[in-house]
Amino acid sequence: MQAAEWMERNVPRDALDEDSYQQYLERFAQLSSLGLNLSTISLQDLDEPGKVEKLLGELPAMKLALELHPGLDMMQPREAVLRVSGRSSSSMEQDPAKFHKAIDKRRNSIRQSWIDLRELKRTKKLSEFQAEWSRITELERREWLQQTFPRLPQNAQSGLHAWLENLHSSRPPIGNLFIYRLLNIDLLARDNILPDLLDFRATLHPAYLLDLDGSSVNLGVVCGSLPSIRVPGVLKMPLEQAGEQYDFAYVEAAAMPDMAFQDYLPTAGLHKLNAQQNIYEWLVNIVKSVQRLPKPKVELSNGLCRGFTKGSDSVPVLTRSLLADYQMTHNRISIAYLHSLVLSALDEALFDLAQARKYPDMWQEQLQGSDWVQVCRTWFARVDVFSLLAAHSDSLQQKEGREIVLTGNDTSFRALCACFWLCNSLVKEVLSQLPSARRWSPDKMGSPVLSELFKLLQEGYLLPYIPLIDVLMAIDTEIRKCESTAHVPERVTKVLHDLSVLAACIRELQKHYRFAKDNESYGCMLGELKEEREKTKRPRTVLVEAALKRVGEKEPRLKTHIRDKTIDLATRHSNFWTVFDNALEKCSADTTMKWVVDELLESQPVDSAISADCRQTVSFGEATQPVEPTATQINKSKRRNRNHHTCRPRALPAASEPLHSHKPLPVVKLHTELEFWDSILAQSAESRTDLTWHDFCVAMAGIGFGRESVIGSAFRFRSEAYDVTLVFRKPHPTASLPHTLARRYWLDKLTGCLDLQRGA
C-alpha cells in the first residue's frame, strides 16, 4: 500500500492542516520505502519513535544495515541516504518504462563489449597489446594516457578529492571522476596492471563485477555530480549468470521488496550500469588502438620508470589492497596476508608500549598535553585490538588454510563473516584513539582537503558511500604533499597506521559479500556472531580498565605527580609504572587473569631498578629522592629483564596464554653495510654519528628485508627467511636520527626479534 493511499483511507483531510498532512505523508512514504507494511502502524505511532524503530529493526534489510552501520539513524536518514535511495526532494521523477529502456540499453552495450573483448583475446590481440605495452616505460604510459584519454581520473581517490575541494561550492565535480574510478592513470600505467585487467575482464562475466565498476557512483550521487532518480522498484540480480546472457530484472514496486547484496536501488543500479558500460567500451577501444601507442624512447633505460611487480615488497599496503580489482582474485581471500598484516601491527603496538615503559623521555612525550588515563588506555587498547584479531586470523588460517576460495554459505563463509564483522567493529575503537580537535587540528597542515578528511575521522562517523581505504589513501596523499612543511603528531600517525591495517583487512574480506545467499540469512548470521562476540570477554581490556579505576581511586594525586617538574623525570616515570603495575596485580586476584598481567609486565622498563618487592613504597608527597634499591633487588631486576623480550613470538599461543614466549631468536650474520651496523651497535658513549634513513633501509635490505609503505611515514619491513615483520617510521624532517634515538627506535625493535651477529 502506498503512503498517499494509506493517508486517504485512515486520515480525514480536515483533521490536519496542509503542512502537517504533507509532513506525515512524507514520513509514511519514507517508512514504506524502507519496506515497512503501513497496515501495521497508525498515525499516533509516528509520535512514538520507539515503536516504529522496533518494527523497522525487525525487517531483514534494516537488521543488516544496523549490524554494518551501528550509528545509522533509521528515523531521520541524512540527505545523502535520501539522494542515493531516490527519495530526496531534489530527486528527478522518471517514468518506469523509460527507466527500463535505459537499463536495457546499457545491458546490451556491456554484453556486446564483453563479447568483443573475448574475441580479441581469442584472436591474440590482447597478447599483441601486452607486448607493445611492455616496451614503453611507466612515464611514457602516463603521458600517453593523459593526452589520449583526458577524461580518466588521475587516481582512485580523485572523486573524493574533488568533492572535498568543492564542499562549500554550489558547483559539483564532474561526473567522470566517479564513473571511471577503476580506470585511473596512477594504477593503469604501472607494470602489468592494464594487461592483467584486460585478461581478467575477458574471462569473467561482467555481472559479477558490477558493484566493483560502480564503487564510486554513490558518492557521485551524494555530491550532485550524478543525478538522483525517483523511480519505484529495484534491480534484482541473480547469483549466477548463464553463458553470454546478462540477466537481471527490474521489479517495479511501490514498496521496497526484500533485497539481496547483489540487488540495487534504481539510482545506484542505473549509474553502476553506466559506469560498467563506459569501462568495457574503453577496454575494447584501447586494445584496438594498439597502433597509436607511443614508440619507446631508446635513450631511456628500460627500468627507469618501471612500475612495481605484482606481489613486490615495494607496493604500499593500501595500494596492494586495490590490486584485487585488476586481477583474478575476486573470489579468493588470502588469510596468510591478513595474518601477516595483523601480526606486524601487534608487534608495533607491543614495541610502543615497551618503549614507553623503558624510556622516561618517550613516556613524557606521549603524555604531553594529553590525559594520562586516555594515553594509558590507548597503549593497552592497541595491544588488545590486534591480539584479538591475531588470534582470530591464526585460528582461521589453521582451520581453512592460507587462502580461502569463496563458494557460498558454508563454514568458511561464516568464519570470514566473523572476521569481517570484527574488523569493522574495531574501527570505531581505533578511531576513538584520535586526539580531539581541541588537542590537535589538521588545519595546521595547511591543506583544506586534509582538514576535511580528518574531520570525517574525528567525528567518528564514516559515510557509508566512502570506503575507509579511500579516506586513508587520500589522507596519505595529502600528508606527503605537506611533508616538507608540517609534521603529523606521532599519536596521529599510529592511529592512521592501525586504521590502514584494518582497512586492508576489510577490503580483502569484503569480497565475501557477493556470495551471501540473501539479506535475511546474512543479517541473522551477523546478529548471531555479534552475540557470540559480546559474550566473549576481553580480559586485557577488563583488567586495564579495572587498574585505571583503582589508580584513580587509590592514587588521586598521580596526575599532579607525573607533571611535577620539581621531581626528576626518571623518578616520575618509575613511580608511574610502579603504581600502575601494582594496580594490575591487585586487580588480577582471579587466577584466570594472571596470564594477562604476566603478558603486560613483559614490557618492564629495562633501566628500572624498582622491583615488585618495593612497589608499596611509592609516595606522591614532597619531592624526594627514590629509595635506594638493595643489591638483592637489583639482581632480581636484572634477571627478570634479561629473560624478557619486548617482541611477540612468530606463532601466536592459545587465547588463555600470554603472547610472549622465550624461544631462541633467529641469528642474523652481518656481512654487508658493516659501517652502518658497527655504528648503530656501538654504545652511545662510543659514537656521536647521526644515522640516516637511507642507510638504515639499505642495511635492512642487506639482511633480507623487503620494504613497503603503509601510510604517511610508516613503512613495513618483512623478511620471509626469518618470518619477521616490523614497522618503522621515517624520521621527519631530516630523514636521520641521532645515534641514541636510532638505537631506541631501530635497534631495540630489531634486537627484540633477531640476534644480530657480525659475520666473520
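Miscellaneous remarks
- Per-peptide average of other Cβ atoms within 10 Å, ordering 734-745, 442-453 highest first: 442-453, 734-745
- With the cut-off at under 20 Å, measuring from each backbone N in the stretch 723-760 to a point 7 Å along the Cα-to-Cβ line of residue 690 picks out 729-747.
- Mean projection area, nm², convex hull over Cα of the stretch 476-599: 13.4 nm²
- Only alpha carbons enter this Debye calculation for the stretch 695-760, each as an equal point scatterer, and the log10 of I(q)/I(0) it gives at q = 0.24 Å⁻¹ is -1.24.
- For residue 338, net neighbour charge (Lys/Arg +1, Asp/Glu -1) across residues whose Cβ lies under 13 Å away: +1
- Taken over the stretch 510-559, the alpha-carbon convex hull comes to 124 cubic angstrom per residue.
- Taking a sphere under 13 Å around the Cβ of residue 448 and counting the other residues whose Cβ falls inside, with K and R at +1 and D and E at -1, yields a net charge of -1.
- In the complete set of protein chains, residue-level accessible area for residue 347 is approximately 10 Å², probe 1.4 angstrom.
- Burial ranking of peptide ranges 119-126, 411-418 (average Cβ count within 10 Å, highest at the top): 411-418, 119-126
- Mean-position separation - Cα centroids, the stretch 194-226 and the stretch 521-555, in angstrom: 39 Å
- The Rg/Rh ratio of the stretch 98-253, with Rg taken over Cα atoms and Rh as the Kirkwood radius over Cα pairs, comes to 1.00.
- Greater than 23 Å apart at Cα, pairs in 494/537; 105/236; 554/586; 444/730; 358/749; 669/749: 494/537
The values are calculated or read from the model by the stated rules, or taken from the named source; none is laboratory data. Quick caveat: nothing in here was measured; it's all calculated off a predicted structure. Virtual Cβ from ideal backbone geometry, glycine too; neighbours counted across all protein chains shown. The area values use the complete protein model at the heavy-atom level, side chains included, leaving out ligands, DNA and RNA. Shrake-Rupley method; radii C 1.70, N 1.55, O 1.52, S 1.80 Å.
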